[in-house]
Every structure is written in C-alpha cells, then in structure tokens.
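S.K.: Dropping a structure here in structure tokens format, bear with me for questions.
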Amino acid sequence: MNPALIAPAYSRIRIFLHWLSVSLMLSLVLAGEARHLLTNLTAIPMRSVMVVHIGGGMALLAVTLVRALVRISSRRARSAAFSLQDACAHAVHLAIYVLILGECLLGWIIVNAKGFAVPMPYTGLEFPLLVSADPALVAPTVRVHDIFGWMLYGLLALHIGAALWHHFVARDHTLARMAWRQRPQAL
Ligand code: HEM
Ligand code: HEM
C-alpha cells in the first residue's frame, strides 16, 4: 500500500506554520516581483511595496526558523514505511528551508549594504547589521537574491505540482495530512 495512504497527519502547529508561510511567501513575492508594475500603475509608493516585501520576508525568516525547530523535534515520530518517494519529498522540503533562509539573509545583507538597518515593524527597533554599508556589495548580492528567488520558485512549483498530483491523480492522503480538517491521526 502507498505509505501516503496510511501516513499520519502533521501536528496542528506544523499545519498552521505551513499555511502561514504560504501566505507570507505569496505577499512578499507579489510585492517583490510586481513592485515596478505596482508603482507604475498605481499611486502606491515604492517604499510601501518594499515594506511589505521586507516585513513579509523577515516574518517568513522567523516562521521558517520556528518550523525548522518544530520539524527537528518531531523527527522521530516519522512514519515507519519510508520510501524513495518520501526521500525525494524530504530532499525538496530541506532545499526549500535552505533557500528560504539563504534568500532572507541575502535580502537583509542588501538592505545593510545600501546603508540601512532592517526595521522591526511596530517596535521602533532595528535588526542588527549583518554587514556595514558597502555600495560595491549591492549589485552582486541583488543578483544572487534574484537567482535564489528563481530557484525557490522552481522548487515550490515542483512541490505544489506534487501535492496536486497526489491529491488528484494518486488520490492519496498527502494533501489531507497538511489540511486543518480531515486529519487521520496527529504525529
Ligand atoms: C523568501 C524570501 C524572499 C524572496 C523570494 C525574495 C525575492 C525577491 C525578488 C524576486 C526581488 C526582485 C529582484 C529584482 O527586481 O530583480 C527582490 C528584491 C529585493 N528584496 Fe527580496 N526576497 C525575499 C526576502 C527578502 C528579505 C527578508 C529582504 C530584506 C530583509 C529582502 C530585500 C529585498 C530588497 C532590498 C530588494 C530590492 C533589491 C534591489 O535593489 O533591486 N528580500 N526580492
Ligand atoms: C498551494 C501551495 C501549497 C500546497 C498545496 C502545499 C502542500 C503541502 C503538502 C501536502 C505537504 C506535505 C507533504 C508530505 O507530507 O510529503 C507540504 C509540506 C511542506 N511544504 Fe507545502 N504546500 C504549498 C506551498 C508551500 C510553500 C509556499 C512553502 C514554502 C514557503 C511550502 C513548504 C513546505 C515544507 C517545508 C513542507 C514540509 C513539511 C514541514 O516541514 O512542515 N509549501 N506542503
């Protein structure tokens, strides 16, 4: 039997953090990719668009760190029937974690290299500087931030495609395990 048909559901906290990451990712990508289009077509200033991108990115960084901790602490509870398909899914999940963390740190470095600190919304505080102001660092870091972004989109497309394939073609419980309702049994 396909292990995904019998594998237990994720815990509520992992499901909540997953869907929170999805909404943060969606808003920060829209703000990042469509920033020129948005500011050209509307009266929204670039500053506000970047507040959404940077604020969303820093929130995603925090949520991803918490997710990584929760994931590490629940590792032993994994299903016993571990297949090659599971191994591929885990490799993709791991790569998503690494790329998100790398992408957010690169964004943080861009802001610092441009001579600014990353603000902590609603607190008046700022995140510490990772690098000091350095105009020569900006262009290469923006380039790598862009490349990492596309690598992440590619992996997420694969990830979402796989989730839809499981649900509509294989018709197993993979998507249901990450759903708030229809939980067979929590890990
Ligand atoms: C997973 C998280 C992130 C993704 C996928 C992402 C993606 C992107 C993309 C696609 C762009 C547009 C690049 C271009 O115009 O060619 C961009 C720009 C930018 N991002 Fe991010 N970003 C993320 C997180 C962050 C974070 C956490 C920060 C800051 C703390 C940040 C700061 C910036 C800045 C300052 C720019 C403008 C760069 C420039 O001057 O052209 N990003 N990001
Ligand atoms: C509509 C979009 C999405 C759907 C339908 C979806 C669906 C799923 C499903 C069904 C799983 C469980 C897979 C399994 O048990 O093998 C999963 C896990 C995972 N997803 Fe997504 N996902 C989506 C978007 C995203 C996005 C945008 C991210 C990154 C920000 C992401 C990151 C992850 C990670 C890291 C895991 C591994 C589980 C964990 O560590 O908590 N997903 N997703």
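S.K.: On full extension of the chain, what length is gained from Arg47 through Leu158, given 0.36 nm per residue of separation minus the C-alpha to C-alpha distance? Show your work: numbers first, answer last.
M.R.: Working: separation 111, 0.36 × 111 = 39.96 nm, distance 3.23 nm.
Extra length from Arg47 to Leu158 when fully extended: 36.7 nm.
S.K.: Would you calculate a helix-derived [θ] at 222 nm for the chain, using -39,500 (n - 2.57) for each DSSP H run of n ≥ 4 and dividing by the full residue count, to the nearest 500?
M.R.: Details: 7 runs with 126 residues, N = 187.
Counting only the DSSP helices, I get -23000 deg cm²/dmol.
S.K.: Considering every pair of different Cα atoms, what Kirkwood radius, in Å, is found for region 3-177? Walk me through the numbers on the way to the answer.
M.R.: On the way: mean 1/r = 0.0555 Å⁻¹.
About 18.0 Å for region 3-177.
S.K.: Here is a further query. Where does the longest stretch of the chain lie that holds no chymotrypsin sites (Phe, Trp or Tyr not before Pro) found in a DSSP loop with 15 or fewer other Cβ atoms within 10 Å? Walk me through the numbers before you get to the answer.
M.R.: On the way: sites that count: Phe82, Phe116, Tyr122, Trp180.
My reading of the result: 1-81 is the longest stretch.
S.K.: Go ahead and run the numbers for FRET between Ala91 and Leu137, Cβ-Cβ distance against an R0 of 30 Å, rounding to 0.05.
M.R.: Working: r = 31 Å, r/R0 = 1.05.
Efficiency, from the Cβ-Cβ distance: 0.45.
Every read-out reported here was derived from the displayed coordinates using simple, explicitly stated rules and does not represent laboratory data. Keep in mind that this is a model prediction, so the values were computed, not measured. With ideal geometry, Cβ positions are generated from the backbone for all residues, glycine too; neighbour counts draw on all protein chains shown.
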